[in-house]
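Written out below as C-alpha cells is the structure these notes cover.
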Amino acid sequence: MSKGPSLLRLTNKKRILRFLREHSVSSRQDIAKALKLSKNTVSLIVEQLIREGKVREMGLDETSHVGRPRIKLSIVPESMTAVGVWVKKREAQYQVIDYSSRAMEKGCVEIDGEDPEKCLEQLQQLSLHLQSKYETLLGIGIGIPGLVDPYQGIVHYSSHLGWEQVPVKARLQGALRVPVRVLNNVKAASLFHFHLGKKRNSSLFYLRMDEGVGGSFIDQNGIFFGSSWTAGEIGHLSVEDHGPLCRCGKKGCLETLVSVPAIVRKLEEDLRQPLNIRRADELRTFVAETADASMAKVLRETGHYLGQVIPSIIHFFDPERIIIDTPLDQVQEFRQAVLESASRRTLKHSFDQVKIGFLFDPHSAVAGAAQAIIFQYESHPGKDETQVKNQGS
C-alpha cells in the first residue's frame, strides 16, 4: 500500500477510535454516518481493530429500526494505556489510565524536585518501571510547574522548582520506547476538566491555586499556549505594588498572595501560631475544622486579590466558563469576595455571561497529563503503536 492511502487509512483508524472512546457504544452504520466515511471503509477498519483486540462486538442493538440489524461496538479500554506524572518539589504523583480514562493504578514517589539532574534520573526510573509493567502503553505525559515548551519538551523556567532550560523530553525519551510529552501541570489539568463528561465546554479558563498559581485557556482547538508558552500565567500578574517579593523577582505577584504557602503564611501571622500545613488538602481540612474571625478575614482578603484578575480573564479570553480549583472551594467568605471583587471590575454584560465555578480536585493535573498522551496519539495519524515500539519516538 502506498504512503498516501496508508496514511489516510491510519487517520481514519484514529478517528474511529476517538469516536468510540467518546461515545462508549456505537455501530458501524452510526460511525460511517457521523464521520462521513463509506460503510466499507468503516467495516474494514473495524475488523482490523477487532483483530488487534482494541474493539469488540457486543451483540445486536435491539433499538435499531429498519434495515439490517446493527451490531453494537465498544472500545476494549485496557488494550491501550497511558501514564501521567505530576512533578512537585518533594514528590511525583503518577497515574495509569486505560483508553476510557479509567484509573488503573495510582501512586506517589519521593523525588528531589529542586535538583533537575537528580529529578530526571528519578523520573526515568519511574517511567522505565511503568513501561515494563504495561505492554499496552501509548506514552508518558509529564506535568511540570513553569514555562514549558510542549513541543520540544523543554522547561524554560520554573520559579517553583528553580529550573532553567531543562530538556526533560530529550532526557527521558532517549531511555524509553514510548513517546514522552511534557507540558505545564495547570495546562494538563485544564485538558482533564475540558474533556470531563460527555459535554465539552465551548471554551474554558481553568485557574488553579496550589503550591503556585496558574491558569490555562482551552477551547475546541486545544490549549492556547501563546508565542512564548506563557499564556494563562496569571500567577505572575502584579496585583499589589508593595506586596511580597515573588520567586520570579517581581513584587506583589498574585502567587505571593493567594497560593497555598501564601495563605498558610498569612494564617500563621494572624493566628499567631505555627501551622504544619504543606499541601492543599491539608489547608482545606484545617479551614473546614477551624472557626476564627482572623481566619475569615484572611480568606476574604485572599478572595479579594483573586477577584482582581478575573476581569482580565473575562475581557481577554471571553470564556464560557471559569473553573477555580482551590482548597477554599467550600469557604463562603472566599467565594463571595472573589465574585464581588470581580463583578466591580468587569463589564456587566460580560460578567453576566460567564459561569464561574469553584471546586477542589488535587489529582486533575496527573490525570490530564495521562489524557494528553491519548489525545496526542489520536491527533498524530503518521504513527501507530507498532511504529512507536519499533522506533521509540
Selection status of Glu268, of a type in the set (Asp, Glu) and modelled with pLDDT under 95: yes
Checked Val96, Val109 against criteria (outside any loop (DSSP other than H, G, I, E, B) and touching a Ser or Thr at 6+ places or on another chain (Cβ under 7 Å)); the one match is Val96
Considering every residue within the range 62-77, establish whether at least one is without any contact (Cβ under 8 Å) to a residue 40 or more places away in the chain, surrounded by 14 or more Cβ atoms within 10 Å (Cβ to Cβ) and farther than 30 Å from Ala175 by Cα. yes
Among the residues of the range 220-264, write down those that are among the acidic types (Asp, Glu) and without any contact (Cβ under 8 Å) to a residue 40 or more places away in the chain. Asp241
For the range 149-161, check the following and say yes or no: at least one residue is surrounded by 21 or more Cβ atoms within 10 Å (Cβ to Cβ), of a type in the set (Ser, Thr, Tyr), over 17 Å from the mean Cα position of the chain (by Cα) and within 16 Å of Cys248 (Cβ to Cβ). yes
Quick test for you: out of Leu172, Leu176, pick the one residue that is open to solvent by less than 10 Å² (accessible area, probe 1.4 Å), over 17 Å from the mean Cα position of the chain (by Cα) and over 21 Å from Leu306 (Cα atoms). Leu172
Of the numbered conditions (1) aliphatic (A, V, I, L, M); (2) in a helix (DSSP H, G or I); (3) closer than 30 Å to Gly249 by Cβ, Val166 fails exactly one; give the number of that condition. (2)
With respect to His363, is the statement that it is open to solvent by 10 Å² or more (accessible area, probe 1.4 Å), in contact (Cβ under 8 Å) with a residue 60 or more places away in the chain and closer than 21 Å to Pro261 by Cβ true? yes
In the range 79-88, is there at least one residue being surrounded by fewer than 17 Cβ atoms within 10 Å (Cβ to Cβ) and modelled with pLDDT under 95? no
Quick test of your reading of the structure: Met295 fulfils all but one of (1) in contact with a Pro (Cβ under 6 Å, 6 or more places away or on another chain); (2) over 21 Å from His193 (Cα atoms); (3) among the aliphatic types (A, V, I, L, M). Name the failing condition by number. (1)
For the range 93-105: of the residues being touching a strand residue (DSSP E or B) at 6+ places or on another chain (Cβ under 7 Å) and free of Cβ contacts under 8 Å to residues at least 60 places away in the same chain, which is most open to solvent (accessible area, probe 1.4 Å)? Met104
Filter result (closer than 22 Å to Phe375 by Cβ and either touching a residue at least 12 places away in the same chain (Cβ under 8 Å) or exposed (fewer than 14 other Cβ atoms within 10 Å of the Cβ) (or both)) within the range 23-41: Ser24, Val25, Ser26, Ile31, Ala34, Leu35, Lys36, Leu37
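The values are calculated or read from the model by the stated rules, or taken from the named source; none is laboratory data. The structure presented is a predicted model; accordingly, all values stated were derived computationally and were not measured. Every residue, glycine as well, gets a Cβ built from its backbone with ideal geometry; the counts of neighbours run over all protein chains shown. Accessible surface is based on the protein model in full, side chains and every heavy atom, while ligands, DNA and RNA are left aside. Shrake-Rupley method; radii C 1.70, N 1.55, O 1.52, S 1.80 Å.
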